[in-house]
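Heads up, the thing below is written out as structure tokens.
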Amino acid sequence: MATTLADQRQRNGGAPGAGHHGTHDVTNQPPPLTPYDASDDTALLDGLRREGAGWAEEDLRRLGRLAGSAQAQEWSDQANRHEPELRTHDRYGHRIDEVEFHPSWHHLMGTAVAEGLAGAPWADDRPGAHVARTAKGLVWGHTDAGHGCPTSMTYAAVPALRRQPDLATVYEPGLTSREYEPGLNVPAGKRGLLAGMGMTEKQGGSDVRTNTTTAAPTAEPGVHTLRGHKWFTSAPMCDVFLVLAQAPEGLSCFLVPRVLPDGTRNTFRIQRLKEKLGNRSNASSEPEFDGTVAWLVGPEGQGVKTIIEMVNCTRLDCVTMSAALMRKTLVEAGHHARHRSAFGARLVDQPLMRNVLADLALESEAATALTLRLAGAADRAVRGDAGEAAFRRIATAAGKYWVTKRGPAFTAEALECLGGNGYVEESGMPRHYREAPLLSIWEGSGNVNALDVLRALGRDPATAQALFDELALTRGADARLDAAVAGLKDQLAQGSQANARRLVERMALTLQGSLLVRHAPSAVADAFCATRLGGDWGHAFGTLPATAGLDAIVERALPGGV
Ligand SMILES: Cc1cc2nc3c(=O)[nH]c(=O)nc-3n(C[C@H](O)[C@H](O)[C@H](O)COP(=O)(O)OP(=O)(O)OC[C@H]3O[C@@H](n4cnc5c(N)ncnc54)[C@H](O)[C@@H]3O)c2cc1C
């Protein structure tokens, strides 16, 4: 017998297509997570206030709701499905070297810049401005990670550019603007600018001393022309780039605009875009320079010292993005476990699933707390606090090593909480999973960050002092933490390169443990210290001791009647 749409609606509870499909009823599938509030995270809000940016809470909550909206999630999905395309030439054969993006990319970029995720905090004198930006990154990180690349580089370029005040005067207003103006035009005439970075070449990325791109001085002081290539340069539609090249006095940092002040295009030949594992909304390119105009930034021969100002900031953003991916995938896992039943009970009520969620929640809270502590250190260092500058120097490298290293394992486990649905693109989980390893590769791969911690310790004793001053704040509060700190001191004395990962892992874990002991509820702090520091733990997530306060940990991370 033929059925009408009205019949179907009646059977489906009013909505066409829902519930009954003729052959079967669709049941036991979770409802969509969206809309949700990505800032609904106690650890995040506590950290925001603690690190001096409580004034930004209302703004953060608004952005959290936007990040969790169906609209923003749709932009993220679309920007990754419709990948950027390179146009090397126009229809008449002129080189243009432009990249076209889906409109969703521009929506994401426009929002991120307007919300102050690019350079805006450098124009904001309020204490906590950099913390507020990081906290916003933690919630906006629930959307697409790809556009976080140009926003991060734009933010990070400002302190490096300040090493050349005459250039900073011209370009800083655009880099700190909250307006997004896509398209290649004369930078001075644009309402907002974006910056990228070009360090990595074919023969060496971590070891930038091997760079072969040359910078030849011109008759005009400070102006050079570049010849050579870069093997990775992301977001090639940025307006300006900080680029390393070999000048007569050695490796130096240069500002390379895509459009020169007279309106002509600078030579920036994009050979191709990378086909990447993830980060697909973002374009990562291979540019070549040939007579490319470049302006010296900082003293000639001190390129690494200059650009490291930028790398310090992008490293923090890698930690932020990893922590955001953890939180986003935890929220997805928790939502699924609440709404899916198996073997007669909701997944979230199954003791072993609760252990998995609790273990992920611990890891996520530890990552969030460390991220915000690092942001607080950066904020205070920028305002002249030498102790915080020393802490930031060592703790950012250690945090970048450890939090980004945990990302791939975390996102894989969270994905598995959704079962087969988690392996399917529509769930969004594969995208987050593919993104995670990138954060431990760029801005210093794992080994390079671990070795950088050794370098900091060797060059500046104030860094170790700042670290142990921080850890001393919890002395006597937890025996396992005390023992770990003592072990860390022993390990430091050994200081060999082969031990660097062991050392830096313990450094990050003791820092996380000390933050949780000071600021988190006892169930969270106790379970973290028992497992990550005390060794009462397996090798996979979901191996907390059954005596840990699993219910309390899950309820704190995912409130709502577990
Ligand atoms: C998607 C994407 C986008 C990127 N965007 C940019 C960009 O915009 N600008 C830019 O400049 N770069 C960019 N990069 C490049 C990135 O920063 C480099 O890939 C990274 O720094 C590693 O350099 P490499 O690839 O040359 O590897 P290598 O330096 O060859 O390192 C290979 C491995 O060796 C390890 N290693 C290196 N030195 C040591 C050592 N002394 N001891 C022990 N182990 C060591 C590293 O940890 C790594 O695991 C991007 C990369 C990717 C994947």
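A short reminder: the numbers here are calculations on the coordinates, not readings from a lab. Remember, predicted model here, so these are calculated numbers, not experimental data. Every residue, glycine as well, gets a Cβ built from its backbone with ideal geometry; the counts of neighbours run over all protein chains shown.
Annotations for the structure displayed:
- Taking 0.36 nm per residue of sequence separation and removing the Cα-Cα distance, the Asp124/Arg272 pair yields an extension gain of 49.5 nm.
- Quotient of C-alpha Rg and 2.2 N^0.38 Å, computed over the chain: 1.01
- Furthest towards positive pole of dipole, Leu226, Gly535, Pro30, structure part the chain, Cβ charges: Gly535
- Taking each residue as 0.36 nm, the span from Arg81 to Glu249 lengthens on full extension beyond its C-alpha to C-alpha distance by 55.9 nm.
- For the stretch 42-301, alpha-carbon Rg over 2.2 N^0.38 Å: 1.02
- Expected 222 nm ellipticity per residue - DSSP helices of 4 or more, -39500 (n - 2.57), all of the chain, to 500: -16000 deg cm²/dmol
- For Gly198, the residues whose modelled amide H falls within less than 5 Å of its own, excluding neighbours fewer than 5 places apart on the same chain, are Leu242, Val243, Leu244.
- Percentage relative contact order, the stretch 305-557, counting C-alpha pairs under 8 Å, at least six apart: 26
- Using C-alpha pairs below 8 Å separated by at least 6 residues, the relative contact order for the chain is 13 percent.
- Take every DSSP beta bridge whose two residues both sit in the chain; close to 90 percent of them are antiparallel.
- Think of each Lys and Arg Cβ as +1 and each Asp and Glu Cβ as -1; about the Cα centre, that makes the dipole of the chain roughly 500 debye.
- Under 26 Å from the Cα of Lys274 - lysines, other chains or at least 8 residues apart: Lys202, Lys230, Lys400, Lys405
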